[in-house]
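Worksheet: the structure to be examined is printed underneath.
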Amino acid sequence: MWIYDKKLQFPVNIKNPNPAMAKYIISQYGGPDGELGASLRYLSQRYSMPFKQCIGILNDVGTEEIGHFEMIATIVHQLTRNLTIDEIKESGFGDYFVDHTTGIYTVSAAGIPFDATCFASKGDAITDLMEDMAADAALL
């Protein structure tokens, strides 16, 4: 179905850990407006779309969002690798670290785990497309 290049579309090469920044960026991974919700939104909505061209677009956008999901995970991983206990405490990363150490987990910046209520798939083409536009506008 897909060909996976096994490399990021845009390479990520963060040299200095920054767990404070990771706390915010993790929300783009599994927060309410993150890449997981975006990919599931498009890939779920495609099945009730009555127009073949739109089905293809929703599938393409959904798979593109999965690529973004991978880039965000890489960013968070690089920002949190090789942390010292002092860096964890000083950055406020301790609450996340207690539950996940430096594992990548679908969570918002506030620490709320990903929930499928972060996206909609109503089965009505207009409603779903309005949801998509509203979700993408939230990032602008």
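The Cα center of segment 4-23 and the Cα center of segment 48-75 differ in position by 20 Å. Using a ≥ b ≥ c from the Cα gyration tensor of segment 19-137 (square roots of the eigenvalues), is it rounded, prolate or oblate, where a/c under 1.5 gives rounded and otherwise the larger of a/b and b/c decides, a/b for prolate? It is prolate, given that a/c is not under 1.5 and a/b is the larger ratio.
Looking at the chain as a GNM with Cα springs under 10 Å, which of 42, 29, 96 has the largest mean-square fluctuation? Its mean-square fluctuation being the largest, the pick is 96. Here residue 15 is the anchor, and the lysines within straight C-alpha reach of less than 19 Å, apart from those fewer than 8 places off in the same chain, are 7, 23. Please check: in the Gaussian network model of the chain (C-alpha springs, under 10 Å), which one of 28, 78, 53 has the largest mean-square fluctuation. Looking only at 28, 78, 53, the largest GNM fluctuation is found for 53.
Helix 35-45 and the longest principal axis of the C-alpha atoms of the chain enclose an angle of approximately 20°.
Residue order for 77, 68, fewest other beta carbons within 10 angstrom first, comes to 77, 68.
For the chain, modelled as a GNM whose springs connect Cα atoms under 10 angstrom apart, the maximal fluctuation among 23, 122, 15 occurs at 15. Rounded, prolate or oblate: which fits segment 38-102, taking a ≥ b ≥ c as square roots of the Cα gyration tensor eigenvalues, rounded meaning a/c under 1.5, else prolate when a/b beats b/c? Prolate is the answer for segment 38-102, as a/c is 1.5 or above and a/b outweighs b/c. Residues whose amide H comes within less than 5 Å of that of residue 107, counting only those at least five positions distant or on another chain, are 30, 31, 114 (H built at 1.01 Å from N in the peptide plane).
Laboratory data are not the source of any read-out in this text; all were calculated from the coordinates shown. If you're wondering where the values come from, they're calculated on a predicted model, not measured in any experiment. Note that each Cβ is placed from the backbone with ideal geometry, even for glycine, and that neighbours are counted across all protein chains shown.
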